[in-house]
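Any read-out appearing in this document is the output of simple, stated calculations on the displayed coordinates, not a laboratory observation. Remember, it's a predicted structure, so these values are computed and weren't measured experimentally. FYI the Cβ positions are ideal-geometry reconstructions off the backbone, even for glycines, and counts take in every protein chain you see.
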Amino acid sequence: MDDDISKEQKDSISARMKGSIAEKIAESFLHTQGFEILEKNYRYDKGEIDIIARDGEVLVFIEVKSKLSDSGGRPEDEVHARKQSQIRRIAEGYLLEHGIRDVSCRCDVVAIVGDEKKHVIRYYKDAF
C-alpha cells in the first residue's frame, strides 16, 4: 500500500503531522500564558494563520514555526517580510469576515525547537 504513495506525498503528510504537533505544543503554551484560543488554522484567500487568540482585550494572530534543531537556521527566521505581509493580509480578512472593528490587534510568533517530548519554546510578542 505504501508503494502507492510518492515520496512527495509522504513528505507532505510528514510535514503536516510535524506542524500539527508544533501547533498543539504552542496552543498548550499559550493556554498557560492566559490566552483564549479562538481559531486554529484559519484560512482566508490563499493563506492560513495558525492560531487566532485573545490575550485580554487584544486579538492576537499567531504564527507557529518549528524545527528539530537550530542547525541550518532558527524557525522564527522563516517569518520573513513576505510571510509577515501574508499574515497581515489574512488578519485583515479575518477582521472583515467577522465584522470586527476598533479592537487592538498584534502578531506574535511561537518558535519551537525540538520534538513533542523535549523542546524549547521561544515566544515573540508583537513580533511584527
**Asked** In this structure, does Ala111 turn out to be of a type in the set (Gly, Ala, Ser), in a helix (DSSP H, G or I) and touching a residue at least 12 places away in the same chain (Cβ under 8 Å)?
**Response** no
**Number of the condition not met by Arg122 [criteria: (1) touching a residue at least 40 places away in the same chain (Cβ under 8 Å); (2) under 21 Å from Glu27 (Cβ atoms); (3) more than 15 Å from the chain's Cα centre (by Cα); (4) loosely packed, with under 15 Cβ neighbours inside 10 Å]** = (3)
**Asked** Within the stretch 72-83, is even one residue touching a residue at least 12 places away in the same chain (Cβ under 8 Å), of a type outside the set (Phe, Trp, Tyr), in contact with a Leu (Cβ under 9 Å, 6 or more places away or on another chain) and in a loop (DSSP other than H, G, I, E, B)?
**Response** no
